[in-house]
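The values are calculated or read from the model by the stated rules, or taken from the named source; none is laboratory data. Values in this document were obtained by computation on a predicted structure and should not be read as measured data. Backbone-built Cβ (ideal geometry, glycine too); neighbour counts: all protein chains shown.
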Amino acid sequence: MKLSRLALALAVVAGLGAALAEDYEEAVDFTLLDVNGDKYTLSEMLKRGPVYLECWDLPCVNCIAELDALVPIFEELEPYGLQIIALSVDKPADEAKVRAFVAGKQWPYVCLLDQQQEVKGDYGIIIKPTAYLINTDGEIVYTHIGYKKGDEERIKEEFLRWLPDEPIAAPEGEAAPPAEPEEPEGE
């Protein structure tokens, strides 16, 4: 134990402390259907870029407010690989309501159905909204619990930490992304 502390102290003194890797919890992989019946697998999505996994349901007003508030941020950062999953944990009996609600919202996100609440359980989600930012290595690098107006700016800061400086190549058939994310005025 003393040797480990000594090595850490020397690393910090030598200016190498920032180079030490953080230990992140590994995200649980899953495959679910979206509201359109298409299948999505987390590990496949992570090949394109980081994923923000947001757990929500119809009665959760704050969940819906957060997902609404993230739309402009997502649209700005999607060219850099950001993906958002709106993970509905509504009951199977509410599937038609969820599909209609999501269609009305026109969220640009992947909206997955976790009707058996398996993913919710795997991630230990108790409070909604709860969201996890998962990097391309499949590690949970940020957790956000609850929502109040303005939280989206803090969430955006976390997104920017894990996105590349340049837009990623657009999939075939899509327009090329803009050169840089726009900075909000007044900053």
Seminar exercise, completed: The number of residues in region 101-116 that are closer than 14 Å to I64 by Cα and among the aliphatic types (A, V, I, L, M) is 2
For this session: Please tell me if P178 is at pLDDT below 95, part of a loop (DSSP other than H, G, I, E, B) and not polar (S, T, N, Q).
Result: yes
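Each row is one residue, and each column tells you yes or no for (1) assigned to a helix (DSSP H, G or I); (2) surrounded by 18 or more Cβ atoms within 10 Å (Cβ to Cβ).
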residue	(1), (2)
P79	yes, yes
K97	yes, no
C111	no, yes
V119	yes, yes
D137	no, no
